């Protein structure tokens, strides 16, 4: 029934009543109204008016005064009913929001410090430094994760005797998450393999590299330290992973090509990514004096042409035990902890705490553990 008569009540109040709303879903969206509308309408009128209206209906009295009173009382009943429903729904929403505000907020217990190990030239022992640095820190009780970012020709898993069944390509294709790639190694070290012998990984673009970096925001429990083993050379992927880290450790050896390639990488990171501080370690040197001379040569050239600061982090001496550890697929700091090379790596690991607070990149730059939480996709 639909009544559209505009009537004037004895109190002078105009009413435009549309009873058809009683059969429609109320604005507040409460399902309970649909079930109780008819019952509430019967009880919306005062007792006297209900009995009068009932008697009038039964006796056929249809006077205008009775009709007007009935319409007014029905309108008032509908108004009270909908008002009560809105109040009930608002109370439910208030309870919901109060419950949401009581949910525990789980803050990150610590900020992960990311160390990129780079070298410019291949063959300087960059991966060996990354593996033994990460292992030495793990053996010292630190929570460390090692990322093999040399996509396509990754060999961190080989040096540690691991056999991954998944690689970065699976994550970028959406077949697994970064958490699924994490592999346990000795002394609690966690390894994220990059994948070897996969042509598509070797041809990854900047979008895929950015997706790998952003994927670390999704780790359930971020590590205390992330060591990133970058690829050789000065390609975009090397620069992206290094610039996305808090610290950059440059590995050099006693070769002219090593120094020139290290300078080229430092120049790119300084000019194009705004990196201003670099840590330098001399690898495979015979004497401490030779390591110091290497650093001074590089520092002299950088000081003349670049606005950067270089920190000398010491040396890792040439050691036959290191070669034996590689053959045994293990870290020399674990297999032969008293060897000269192992001592050098442990000194390097201990120096990390003296590096001072890192200069975190601005929000406009892609960075590891930046908190952006973007999905790792886009293969």
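Every number here is computed from the coordinates shown, using simple stated rules; none is lab data. These numbers come from a predicted model, not from an experiment. With ideal geometry, Cβ positions are generated from the backbone for all residues, glycine too; neighbour counts draw on all protein chains shown.
The modelled label-to-label distance for the pair residue 286/residue 257, using points 7 Å beyond Cα in the direction of Cβ, is 2.1 nm.
The length gained by stretching the chain between residue 305 and residue 175 to full extension, at 0.36 nm per residue less their Cα-Cα distance, is 42.1 nm. DSSP beta bridges fully contained in segment 134-261 are about 25 percent antiparallel.
Each label was represented as a point 7 Å from its Cα along the Cα-to-Cβ direction; for residue 296 and residue 203 these points are 4.9 nm apart.
The spacing between segment 211-230 and segment 130-160, judged by their C-alpha centroids, is 13 Å. Modelled spin-label separation between residue 273 and residue 236, with each label point placed 7 Å from Cα along the Cα-to-Cβ direction: 1.4 nm. Taking a ≥ b ≥ c as the square roots of the eigenvalues of the Cα gyration tensor, segment 113-354 is classed as oblate, since a/c reaches at least 1.5 and a/b does not exceed b/c. Could you compute the FRET efficiency for residue 186 and residue 218, with r as their C-beta to C-beta distance and R0 at 25 Å, rounded to 0.05? Using R0 = 25 Å, I get an efficiency of 0.45.
Listed from fewest to most Cβ neighbours within 10 Å, the set 293, 357 follows the order 357, 293. What's the FRET efficiency of residue 351 with residue 166 using the Cβ-Cβ distance as r and R₀ = 30 Å, to the nearest 0.05? The pair residue 351/residue 166 has a calculated efficiency of 0.30.
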